[in-house]
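In what follows, a single structure is set out as structure tokens and then discussed.
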Amino acid sequence: MAGEYRLLLANARQLVLVCGHGEQYLLREGMARLDVLHDASLVVGLDGSIKAVGPADAIHCRFAGATFENEIDCTGKCVLPGLVDAHTHPVWAGDRVHEFAMKLAGASYMEIHQAGGGIHFTVEHTRKATEEELFTTFKHRLERMRRAGSTLVECKSGYGLNLETELKMLRVIERARQSMDIGISSTYCGAHSVPKGKTATEATDDIINNHLPKLKELQQSGEIHVNNIDVFCEKGVFDLDSTRRILQAGKDAGLQINFHGDELHPMKSAELGAELGAQAISHLEEVSDEGIAAMAKAKCAAVLLPTTAYMLRLKQPQARKMLDEGVIVALGSDFNPNAYCFSMPMVMHLACVNMKMSMNEALAAATINAAYALGKSDTHGSIEIGKQGDLVIINSPRWEHLIYQFGGHQTLIDYVIIKGKVVYKNESCGITSSY
């Protein structure tokens, strides 16, 4: 087949499709048997989408007369879909390393929060930071996520809590979306905490009457693009009624519902999300049996965050029960000043060890199901013809090494590719990882 193409990946030892029949998500049985091709190649077109996937010999014959902007020999290596991080808080100023020491000494998350630390500490610093300062640190964080294999990242606001700073954060996210080679799903999270000096009811009214109308105006003018609305539904933060009001108003404004629920206390967040038609709910350490059943019925994704449970010493989310009951399970890093982790390979490892997921399940949760949680599994999350050419190449003959080698992604990942374009190449590329 003659013609010009952007990329040829040739002779991969394993080419991990994840799924190959247009599935929007995978449940437990589908996650257990991922689609994997052996000795395979793929082609990405000039438009950045995948044009062909199949046995190396067949692809070589079919494209014998074609020209490629870039060709990569993947002999002995594995090709996987780009990883999808379904939950991050990456725009902020002021780290909280001092609070990590407090937690190690026994202080709980809510004790620190109620003493003016936690989210409020970060809000204070983020309000003071300039847009340029926030963009510079955000850009570096996205680059680190990308080097760890993430090609689509959900990015929240939420460290402003006033309209001015929330919009500043969303403009920073929009600037990265337009200028960087990485997929971004933008989330308005103005209800991340109740601002000092306001009650939860007052904060809810401000969001509904002021924040959301301004967001809609800026969306319509094209100044910003926001995909999702988020609320921290938690005891001492936003109760179920306030959460319902904000999420419904966001949905009415055209935003997908994707929120924090049932993390520290059972709040019936899962039941609420299922009722409102939420695309996804995150955390769920304290979810009820009824909430799990409601999410399964509603096809509402559970975005589980093993880093948070690990760092806060919380009980682990019930991944196995959710999988057994038909919930769509996804993963996210929850990158934020409280859970400083950029790496989805490490998240997958923690999900396997601490939440008892298999490696197949963890990979599906970090690709096709995480893309579903963001409403993007029609274009992302698997290697299929017509989908975006977002890919990761690792220098190992078995893909499982990406999860097995805890913290090993820095030497395992040779290339990260977005829309068929190499956006990261390991400096030691060509040196085989020791496994």
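The values are calculated or read from the model by the stated rules, or taken from the named source; none is laboratory data. Bear in mind that the values here come from a model prediction, so they are computed numbers and not experimental data. Here the Cβ positions follow ideal geometry from the backbone for every residue, glycine too, while neighbour counts run over all protein chains shown. To get the accessible areas, we keep the full protein, side chains included, count just its heavy atoms, and leave off ligands, DNA and RNA. Shrake-Rupley method; radii C 1.70, N 1.55, O 1.52, S 1.80 Å.
Numbers at a glance
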{"quantity": "Conditions (1) within 30 Å of Thr307 (Cβ to Cβ); (2) of a type outside the set (A, V, I, L, M, F, W, C); (3) open to solvent by less than 30 Å² (accessible area, probe 1.4 Å); number of the one not met by Ser49", "calculated": "(1)"}
{"quantity": "Yes/no for Ile393 being within 20 Å of the chain's Cα centre (by Cα), aliphatic (A, V, I, L, M) and under 18 Å from Val44 (Cβ atoms)", "calculated": "yes"}
{"quantity": "Failed criterion for Glu23 (all others in (1) among the charged types (D, E, K, R); (2) crowded, with 18+ Cβ neighbours inside 10 Å; (3) closer than 23 Å to Arg398 by Cβ hold)", "calculated": "(3)"}
{"quantity": "Odd one out for Ala107, checked against (1) under 16 Å from Met311 (Cβ atoms); (2) open to solvent by less than 10 Å² (accessible area, probe 1.4 Å)", "calculated": "(2)"}
{"quantity": "Selection within the range 168-200 - in a helix (DSSP H, G or I) and farther than 16 Å from Leu134 by Cβ", "calculated": "Ala200"}
{"quantity": "Which listed residue is surrounded by fewer than 23 Cβ atoms within 10 Å (Cβ to Cβ), touching a helix residue (DSSP H, G or I) at 6+ places or on another chain (Cβ under 7 Å), touching a residue at least 40 places away in the same chain (Cβ under 8 Å) and in a helix (DSSP H, G or I), from Thr204, Thr165, Thr126, Thr137", "calculated": "Thr165"}
{"quantity": "Residue that is most open to solvent (accessible area, probe 1.4 Å) [pool: residues in the range 65-82 that are in a loop (DSSP other than H, G, I, E, B) and more than 30 Å from Ile257 (Cβ to Cβ)]", "calculated": "Thr75"}
{"quantity": "Selection status of Asp85, open to solvent by 10 Å² or more (accessible area, probe 1.4 Å), closer than 21 Å to Gly420 by Cβ, in contact (Cβ under 8 Å) with a residue 12 or more places away in the chain and touching a strand residue (DSSP E or B) at 6+ places or on another chain (Cβ under 7 Å)", "calculated": "no"}
{"quantity": "Flag if Asp324 is open to solvent by less than 10 Å² (accessible area, probe 1.4 Å) and in contact with a helix residue (DSSP H, G or I) (Cβ under 9 Å, 6 or more places away or on another chain)", "calculated": "no"}
{"quantity": "Total residues in the range 248-264, condition farther than 30 Å from Tyr310 by Cα, touching a residue at least 40 places away in the same chain (Cβ under 8 Å) and either crowded, with 21+ Cβ neighbours inside 10 Å or of a type in the set (Lys, Arg) (or both)", "calculated": "2"}
{"quantity": "Matching residues, the range 344-368, being surrounded by fewer than 24 Cβ atoms within 10 Å (Cβ to Cβ) and outside any helix (DSSP H, G or I)", "calculated": "Lys356, Ser358"}
{"quantity": "Residues satisfying the stated conditions in the range 277-301, i.e. out of contact with any strand residue (DSSP E or B) (no Cβ under 7 Å at 6 or more places or on another chain) and either of a type in the set (A, V, I, L, M) or within 20 Å of Leu312 (Cα to Cα) (or both)", "calculated": "Glu285, Glu286, Val287, Ile292, Ala293, Ala294, Ala296, Ala298"}
{"quantity": "Long-range neighbours under 8 Å by Cβ, at least six apart or interchain, first residue farther than 24 Å from Ala270 by Cβ within the range 211-235, second part of a helix (DSSP H, G or I) and open to solvent by 70 Å² or more (accessible area, probe 1.4 Å)", "calculated": "Glu223/Arg171; Ile224/Arg171; His225/Arg177"}
{"quantity": "In the range 188-201, residue nearest to the chain's Cα centre (by Cα) [restricted to those that are of a type in the set (A, V, I, L, M) and buried (at least 19 other Cβ atoms within 10 Å of the Cβ)]", "calculated": "Ala191"}
{"quantity": "Residue ranges of helices (runs of 4 or more DSSP H) in the range 267-319 with at least 2 members under 19 Å from Met110 (Cβ atoms)", "calculated": "306-312"}
{"quantity": "Residue count, the range 233-247 (criterion: outside any loop (DSSP other than H, G, I, E, B) and either closer than 19 Å to His113 by Cβ or open to solvent by less than 70 Å² (accessible area, probe 1.4 Å) (or both))", "calculated": "7"}
{"quantity": "Failed item in (1) at pLDDT below 95; (2) aromatic (Phe, Trp, Tyr); (3) assigned to a helix (DSSP H, G or I), with Tyr372 passing the rest", "calculated": "(1)"}
{"quantity": "Test: residue in the range 53-64 that is under 27 Å from the mean Cα position of the chain (by Cα), on the phi < 0 side of the Ramachandran plot and either acidic (Asp, Glu) or in a loop (DSSP other than H, G, I, E, B) (or both)", "calculated": "no"}
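Quick grid of which residues meet (1) farther than 26 Å from His260 by Cβ; (2) surrounded by fewer than 22 Cβ atoms within 10 Å (Cβ to Cβ); (3) touching a residue at least 24 places away in the same chain (Cβ under 8 Å):
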{"position": "Gln316", "(1), (2), (3)": "no, yes, yes"}
{"position": "Ala370", "(1), (2), (3)": "no, no, yes"}
{"position": "His380", "(1), (2), (3)": "no, no, yes"}
{"position": "Ile385", "(1), (2), (3)": "yes, yes, yes"}
{"position": "Gln405", "(1), (2), (3)": "yes, yes, yes"}
{"position": "Ile417", "(1), (2), (3)": "yes, no, yes"}
